[in-house]
Amino acid sequence: RKEVEQDPGPFNVPEGATVAFNCTYSNSASQSFFWYRQDCRKEPKLLMSVYSSGNEDGRFTAQLNRASQYISLLIRDSKLSDSATYLCVVNLLRSYIPTFGRGTSLIVHP
Amino acid sequence: DAGITQSPRHKVTETGTPVTLRCHQTENHRYMYWYRQDPGHGLRLIHYSYGVKDTDKGEVSDGYSVSRSKTEDFLLTLESATSSQTSVYFCAISESVGRDTEAFFGQGTRLTVV
């Protein structure tokens, strides 16, 4: 079983829709969690960190569920510019190797 | 944006030739990583470094070697390139580990082995 798993999608949604992605991780010693965004033929860039209490940045909300070992990303009021691949990243306790999921593809259409 | 550059950005090479990719950072970050990204596999770690001359293997290290003689440079070498090494290679850097420590990526190198 891969350490970090994501549904590859694609999620195909209309503008204005709300869409949510989940990412499961297998190692309970995981310490820190992130969502990255990757545009086509570009490098990944940090979208947001994920905190135990949940956090929000504009239209984006990230949640962590340690009991069930998953993190989620909710995007409200989707924009065409949100079309990208969203990568889940997990760091183990005292590890300096970020582990990436394979990514979830989002396509927002008019 | 973090000061991290990769060179070359694109390269076409023949099977059996050696190839070296360079990652240069101006952030003085301790940790540096080489990943490859292929359709259906996502980002896979090749090698990483936790300091000058301190490196270790990742999950797909066969056929690759690395060197880090200075904080700012991390080199990835394909000793004898094969077609299976055609990929997009990303270098990443990180200041430390733990909470709120993000990795910054270079723009990538597209390598084609013919």
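The values are calculated or read from the model by the stated rules, or taken from the named source; none is laboratory data. Source: prediction; values computed, not measured. Virtual Cβ from ideal backbone geometry, glycine too; neighbours counted across all protein chains shown. Keep in mind that these areas ignore ligands, DNA and RNA; they rest on the heavy atoms of the full protein, side chains included. Shrake-Rupley method; radii C 1.70, N 1.55, O 1.52, S 1.80 Å.
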So which trypsin sites (Lys or Arg not before Pro) in segment A:12-79 are both in a DSSP loop and have at most 15 other Cβ atoms within 10 Å of their Cβ?
-> A:Arg41, A:Lys42, A:Arg59, A:Arg66, A:Arg76, A:Lys79
Rounded to the angstrom and largest first, Cα extents along the principal axes for segment A:60-108 equal 38, 21, 13
For the protein assembly as shown, how big is the tail of P(r) above 32 Å, as a whole percent of Cα pairs?
-> 19 percent
Taking every residue in B:24-33, how many Cβ atoms of other protein chains lie within 10 Å of its Cβ, on average?
-> 1
Convex hull around the C-alpha positions of segment A:1-83: the volume in Å³ per residue is 107 Å³
Excluding same-chain residues fewer than 8 positions from A:Lys79, which lysines have a Cα within less than 20 Å of its Cα?
-> A:Lys42, A:Lys45
Quick one: compute the contact order of chain A, relative version, from alpha carbon pairs under 8 angstrom and 6+ residues apart, as a percent.
-> 38 percent
What nm value, rounded to one decimal, do you get for the distance between A:Ser53 and B:Lys70 when each label is placed 7 Å out toward the C-beta?
-> 4.4 nm
log10 of Debye I(q)/I(0), alpha-carbon scatterers only, for chain B at 0.10, 0.12 Å⁻¹ | -0.26, -0.37
What residue among A:Ser28, A:Gln69, A:Ala84 has its Cα farthest toward the positive end of the dipole of chain A, where the charges are +1 on Lys, Arg and -1 on Asp, Glu, each on the Cβ?
-> A:Ser28
Semi-axis lengths, Å, segment A:1-40, gyration tensor of Cα atoms, sqrt of 5 times eigenvalues | 25, 12, 11
How large is the accessible surface per residue of the protein assembly as shown, computed with a 1.4 Å probe and reported in Å² as a whole number?
-> 47 Å²
